[in-house]
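One structure is given here, and the rest of the page talks about it.
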Amino acid sequence: MNYFELLAWLGIGSSHPGGFPVTQQNLNALQVKKEDYVLDAGCGTGLTVCHLAKTVGCRIMGIDINPQMVEKACQRAEQERVSHLVEFRVADVYKLPFEENYFDKVIAESITVFLDKVRVYREFYRVLKPEGSVADLEMALLGKLPPNLKQQLAECFGSGTDPLSFQDWQEALSQVGFLDVEIKNPQRLRNNGNVILNALKKDWMLIKDLTHKVANQPGLVARLKKNAEFMKRNQGYFGFGLVHGRKPTPPPPPEKLGVKGRVGQVFSNFLRLVRTFSY
């Protein structure tokens, strides 16, 4: 299993920096309204989706490229009685199966760090309504990562893992047209494993058959431990924050002139030309 398949198999729904406690902080900062239609891109087992549905009561679409994650997300929604508000689909963030101007908000948690940033943000921009906003929780580099640590990062999380500086994250979002780009809740990576562990213990989706899985595949858990130890040893290089931006309202199209208006425009241009040669 690669890193993402391992997360899906275990049913871990909040493996991003800071875990679910940071998710709650960010959702409070976003002020999602009941009338909003939200896309959670890379929804995993649906932990954030179901929490948002229960606390705000808005409609949410969750997508993930891993069918196992989507299956677990559907089970969670049914168990937590929010199926009437949420929907889950298997989909690729590079080619979202939605029309333009479809969602009020797009949220993501630690998926873009593994992908082509501009391609992902271009799709988010396309499916957002004008004045809609994107909020992407991502890991950031606080200093230049030595080559040996880059290699170890790739070995732990996959070859495409590419955290940016906070400034570069903002530039990636601005490049596709988002305005008012900022980093909300920027933080240094801290050793808050106990806080995250306590949050994971409350997730019934994760713990329901965890003992059986660990007993059958102890080597997979060792891999997760290796990843955690790498981040703990090198946490001074990393931070995280919510990359946030707004899709602007496009300018109105130029007013079409009728025959009378076009004649008037031609005559005005002619008068300006005459005045130019009169001096």
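The values are calculated or read from the model by the stated rules, or taken from the named source; none is laboratory data. Everything numeric here is computed off the predicted structure, so don't read it as measured data. Glycine also receives a Cβ, built like all others from the backbone with ideal geometry; neighbour counts cover every protein chain displayed. What goes into the accessible areas is simple: the full protein's heavy atoms, side chains included, and nothing from ligands, DNA or RNA. Shrake-Rupley method; radii C 1.70, N 1.55, O 1.52, S 1.80 Å.
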Fill in: Separation in nanometres of the label points that stand 7 Å from Cα toward Cβ, at ARG81 and LEU179
4.4
Response to the item:
By accessible area (1.4 Å), largest first, TYR125, TYR3 order as TYR125, TYR3
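Just how large is the dipole of the stretch 40-162 about the Cα centre, in debye to the nearest 20, putting +1 at every Lys and Arg Cβ and -1 at every Asp and Glu Cβ?
On the way: 15 positive and 18 negative charges, 22 e Å.
That gives the stretch 40-162 a dipole magnitude of about 100 debye.
Go ahead and run the numbers for FRET between LYS144 and ALA228, Cβ-Cβ distance against an R0 of 25 Å, rounding to 0.05.
Values: r = 23 Å, r/R0 = 0.92.
Result of the calculation: an efficiency of 0.60.
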Fill in: Alpha-carbon centroids, the stretch 122-162 and the stretch 34-75: separation in whole Å
21
Worksheet item: Around GLU100, with a cut-off of 10 angstrom between Cβ atoms, what is the net charge of the other residues, counting Lys and Arg +1 and Asp and Glu -1?
Response: +1
Discussion item. Please state the shape class of the stretch 44-133: rounded when a/c is under 1.5, otherwise prolate if a/b exceeds b/c and oblate if not, all from the C-alpha gyration tensor.
Written reply: oblate
Worksheet item: Put a dot 7 Å past each Cα toward the Cβ at ARG126 and GLN31; how far apart are the dots in nm?
Response: 3.1
